[in-house]
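The values are calculated or read from the model by the stated rules, or taken from the named source; none is laboratory data. Everything quoted here is computed from the prediction, not taken from an experiment. All Cβ positions, glycine included, derive from the backbone under ideal geometry; neighbour counts span all protein chains shown.
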Amino acid sequence: MEDKSIIADKLDDLEELLLPRRRTLLTWWLKIFSYFFLFAGIAAVGLYPLMFLMGNDYRVALYGLESSDRSSFITLAVVVLFLLKGAAAYGLLLEKDWAIEVGLVDAAVGILVCLFVGLYTMFGTGSYIASFRLELVLLIIYLIKLLKIQAIWKKSPAGYK
């Protein structure tokens, strides 16, 4: 009886050794974008309060949302989106357990914002010409990649604890 539990423990250890490390599940382009958005998220945390302290207005834009007024809702929304992207990037690069879930939320929110901006441009401004956003294609690819690696991410060991 005890031999069976020892064998089962050894098989579990062997299975864990055969699983790839989480970082190897990330493609090269996902790593590059993650580093970019990690730094952008850090910059957003630092620059947004500085905009108020220094009295400067900076132009911020993401997914078609653009603003140069530090006190506008759009600026706050863009900063929050950069923070969400930074959190997802941090989790993915440091192989956190919650990284895929935050990444999926990030991708879904990004897709919704892109669709909203496109539809608003089309119907809200009266142009009736759909604007194509390249970000939408990249976000869909990002979402598909995260969905593909989600199951194995949960089983794989993290390199950092």
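Whenever a residue of the range 91-114 is basic (Lys, Arg), its partners that are crowded, with 22+ Cβ neighbours inside 10 Å, lying with C-beta atoms within less than 9 angstrom and at least six residues away or across chains, give the pairs Lys96/Arg22. Taken residue by residue, the range 54-62 has at least one member that is at pLDDT 80 or above and among the β-branched types (Val, Ile, Thr). Looking at the range 48-73 only, could you name the residues that are farther than 16 Å from Val109 by Cβ and crowded, with 17+ Cβ neighbours inside 10 Å? Correct list: Tyr48, Met51, Val60, Ser67, Arg70. Considering only residues of the range 34-68 that are small (Gly, Ala, Ser) and out of contact with any helix residue (DSSP H, G or I) (no Cβ under 9 Å at 6 or more places or on another chain), which is nearest to Lys96 (Cα to Cα)? Among them, the one singled out is Gly46. Of the listed requirements (1) within 14 Å of the chain's Cα centre (by Cα); (2) modelled with pLDDT under 90; (3) not hydrophobic (A, V, I, L, M, F, W, C), Asp69 misses just one: (1). Quick check on Val80: is it within 18 Å of Leu26 (Cβ to Cβ), surrounded by fewer than 17 Cβ atoms within 10 Å (Cβ to Cβ) and either under 14 Å from the mean Cα position of the chain (by Cα) or modelled with pLDDT under 90 (or both)? Answer is no for this residue.
Please work out which one of (1) surrounded by 11 or more Cβ atoms within 10 Å (Cβ to Cβ); (2) at pLDDT 80 or above; (3) not polar (S, T, N, Q) is the condition Arg22 fails and give its number. That leaves (2) as the condition not met.
What is the one condition in (1) touching a Phe, Trp or Tyr at 6+ places or on another chain (Cβ under 7 Å); (2) in a loop (DSSP other than H, G, I, E, B) that Ser71 does not satisfy? Status for Ser71: all satisfied but (1).
When each of Lys31, Lys85, Lys96, Lys10 is tested for being modelled with pLDDT of 90 or more and loosely packed, with under 15 Cβ neighbours inside 10 Å, the lone residue that passes is Lys31. Would you check if there is a residue in the range 129-136 being among the hydrophobic types (A, V, I, L, M, F, W, C) and closer than 25 Å to Thr27 by Cα? Yes, the range 129-136 has at least one match.
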